[in-house]
Amino acid sequence: MDSFLIKGGTPLHGEVQISGAKNAVLPIMAATLLTSEPCVIHGVPDLSDVKFMGQILGWLGAKVSVEGGTVRIHARKIKGDGDYDLVRKMRGSVCIMGPLLGRLKNTRVSLPGGCVIGARPINLHLKGFAALGAKIRIEKGYVKASARRLVGAAMFLGGRAGSTVLGTANVVMAAVLAEGVTVIESAACEPEVVDLINFLNAMGAKISGAGSPTLTITGVKQLHGAEHEVIPDRIEAATYAIAAAATNGEVLIKGARVDHLHAVLDKLREAGVVVERKGANLLVRRNGRLKSSDVTTLPYAGFPTDVQAQMMALMTQAPGISIITERIFESRFMHVSELARLGAEVEIEGPSAIVKGGKPLSGAEVMASDLRASAALVIAGLAAKGTTQVNRVYHIDRGYENIDGKLRGLGARIQRIEET
Ligand code: EPU
């Protein structure tokens, strides 16, 4: 397993280009299963999760080819079976269920299992499929969903933590080929869901209300092939913005969608970071000392859970107390004990982490536990004095395209140590 060796203490300076959004491209790739015609997706990031989704689609019978940032998928004939070994490797692969049910009216996909950030149930996905008329059975760890016909219905998809991103994506993808009209209340409003809906509409689907909590889907008989450019990754953009602030640097973030980043930028400004819009780009620089700031994660347009760990790394550098509350995933604090190894003072109290910030961090060997926790450790390592070794960086390769190369381009002293 590769690791990163980071010599901290160098402010980041320069420009960084943001890649296409991982969490948009995964369901969009799955959506190509809804048509027997070829689809072309541009702006696809080179990530292990994307490669993996390509393998799943290939296993289901689709032809998948990748050239630069363009992926071509042709799902002329497919089967409806998602094997455990494939699905368990990546939680996001659960979103093949909706399109398989929509197109084949019959699917058997392994339950994905939990992961380090929480239990991650799929009851709301299944509630939506059932509302469309599918019979759902759980057998030997597999979900079997089948229907003679799917019929549009009104449903409420809100859960314990609010809306569900992949649940909304899955049910929308099942409903586009259903007979009649489906109305989803408490739908996820995340930009990645909007991007998926734009792609589905380009394929001939009839969906309105994207970006709002009410989606109306008028079923169509079939979908056709389409070409689509994926939105930029708002979580990657936020990660570089925070890295610039944490290292006392100045970075131009190119190709970020500012309209997708309001909650993060608002908190960064509150923490004393200067954020300026420069045309289609974003200039981020630290303005003297950081200020402590409280953060609560919420569904979009609130502060994203996928930026919570990185923000915590930043707040370890802000004198005073910051309270960071996680409202989406119950155990998304795996980075806390690793940040402590770098000298951070953080205590967990229920869903909140209390950060006593302002003490300089010092380098140590740490272990990445999940994608965003890894990003937080890299940020902390860049800000720390001395050398930090981040182990198990395969987590970070799942969701950040060429992060070590991009950081080196900003002057960071980061080296990948490849496992021999
Ligand atoms: N939930 C339920 N029942 C369900 C589905 C979800 O109770 O059927 C709960 C979850 O347990 C959680 C909350 O609803 O408490 C929100 O989960 P959601 O379904 O929105 O998460 P997801 O769709 O499984 C996506 C992203 C995650 C991101 C979350 C929240 C992808 C591939 N994954 O997951 O991304 O954290 O939305 O924004 O799109 C990451 O990129 O590092 C990552 C984990």
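The values are calculated or read from the model by the stated rules, or taken from the named source; none is laboratory data. Because the structure is predicted, anything quoted here is derived from the model rather than measured. Heads up, the Cβs are rebuilt from the backbone with ideal geometry, glycines too, and the neighbour counts pull from every protein chain shown. All accessible areas refer to the heavy atoms of the entire protein, side chains included, with ligands and DNA or RNA removed. Shrake-Rupley method; radii C 1.70, N 1.55, O 1.52, S 1.80 Å.
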Criterion violated by ALA30 - all others in (1) of a type in the set (Gly, Ala, Ser); (2) closer than 14 Å to PRO99 by Cβ; (3) open to solvent by 10 Å² or more (accessible area, probe 1.4 Å) satisfied: (3)
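Would you call ALA210 open to solvent by 10 Å² or more (accessible area, probe 1.4 Å), away from the ligand (no atom under 15 Å from the Cβ) and within 29 Å of GLY302 (Cβ to Cβ)? Can you show your working first?
Numbers: open to solvent by 10 Å² or more (accessible area, probe 1.4 Å): yes; away from the ligand (no atom under 15 Å from the Cβ): yes; within 29 Å of GLY302 (Cβ to Cβ): yes.
So ALA210 passes the test.
Answer yes if at least one residue in the stretch 190-197 is part of a loop (DSSP other than H, G, I, E, B) and not charged (D, E, K, R), and no otherwise.
There is no residue in the stretch 190-197 that is part of a loop (DSSP other than H, G, I, E, B) and not charged (D, E, K, R).
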Quick one: how many residues across the stretch 1-27 are among the aliphatic types (A, V, I, L, M), closer than 30 Å to GLU227 by Cα and part of a strand (DSSP E or B)? 1
Just to check your reading of the model, which residue among GLY82, GLY69, GLY128 is closer than 17 Å to ARG398 by Cα and of a type in the set (Gly, Ala, Ser)? GLY69
Within the stretch 396-405, tally of residues that are touching a residue at least 12 places away in the same chain (Cβ under 8 Å) and surrounded by fewer than 23 Cβ atoms within 10 Å (Cβ to Cβ): 5
So in the stretch 75-86, with the set limited to residues that are modelled with pLDDT under 80 and within 23 Å of ILE41 (Cα to Cα), which one is surrounded by the fewest Cβ atoms within 10 Å (Cβ to Cβ)? LEU86
Give me a count of the residues in the stretch 306-346 that are touching a Leu at 6+ places or on another chain (Cβ under 8 Å), outside any helix (DSSP H, G or I) and more than 14 Å from the ligand (Cβ to nearest atom). 8
Filter the helices (runs of 4 or more DSSP H) completely within the stretch 61-162 down to those with at least 1 residues that are under 20 Å from LYS22 (Cα atoms), within 16 Å of the ligand (Cβ to nearest atom) and in contact with a strand residue (DSSP E or B) (Cβ under 8 Å, 6 or more places away or on another chain). 84-87, 97-104
Which ones in the stretch 163-176 are outside any loop (DSSP other than H, G, I, E, B) and more than 7 Å from the ligand (Cβ to nearest atom)? THR168, ALA169, ASN170, VAL171, VAL172, MET173, ALA174, ALA175
Tally the residues that are farther than 22 Å from LEU290 by Cα and open to solvent by 30 Å² or more (accessible area, probe 1.4 Å), restricting the search to the stretch 349-387. 6
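For the structure I just gave you, tell me whether VAL258 is without any contact (Cβ under 8 Å) to a residue 40 or more places away in the chain, of a type in the set (Val, Ile, Thr) and assigned by TED's automatic domain parsing to the domain that holds GLY8.
yes
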For the stretch 33-64, give me each residue that is among the acidic types (Asp, Glu), surrounded by fewer than 21 Cβ atoms within 10 Å (Cβ to Cβ) and within 21 Å of VAL393 (Cα to Cα). ASP46
Only one of ASN248, ASN201 that is more than 16 Å from the ligand (Cβ to nearest atom), under 24 Å from VAL50 (Cα atoms) and not basic (Lys, Arg): ASN201
If you go through ALA131, ALA205, the only one that is at pLDDT 95 or above and open to solvent by less than 30 Å² (accessible area, probe 1.4 Å) is ALA205
From (1) under 20 Å from ALA241 (Cβ atoms); (2) modelled with pLDDT under 95, pick out the condition that doesn't hold for SER369. (1)
When restricted to GLU179, GLU185, the only residue of a type in the set (Asp, Glu), closer than 15 Å to ALA131 by Cα and touching a Pro at 6+ places or on another chain (Cβ under 9 Å) is GLU185
Looking only at the stretch 213-249, which residues are part of a strand (DSSP E or B) and open to solvent by less than 10 Å² (accessible area, probe 1.4 Å)? LEU215, ILE217
For residues that are of a type in the set (D, E, K, R) and without any contact (Cβ under 8 Å) to a residue 60 or more places away in the chain, scanning just the stretch 92-125, find the one that is least open to solvent (accessible area, probe 1.4 Å). LYS105
Condition (residue is free of Cβ contacts under 8 Å to residues at least 60 places away in the same chain, of a type in the set (A, V, I, L, M, F, W, C) and within 19 Å of ILE96 (Cβ to Cβ)) applied to the stretch 154-175: is it met by at least one residue? yes
Which residue is nearest to ILE197 (Cα to Cα), if the candidates are limited to the stretch 129-153 and must be without any contact (Cβ under 8 Å) to a residue 12 or more places away in the chain and charged (D, E, K, R)? ARG137
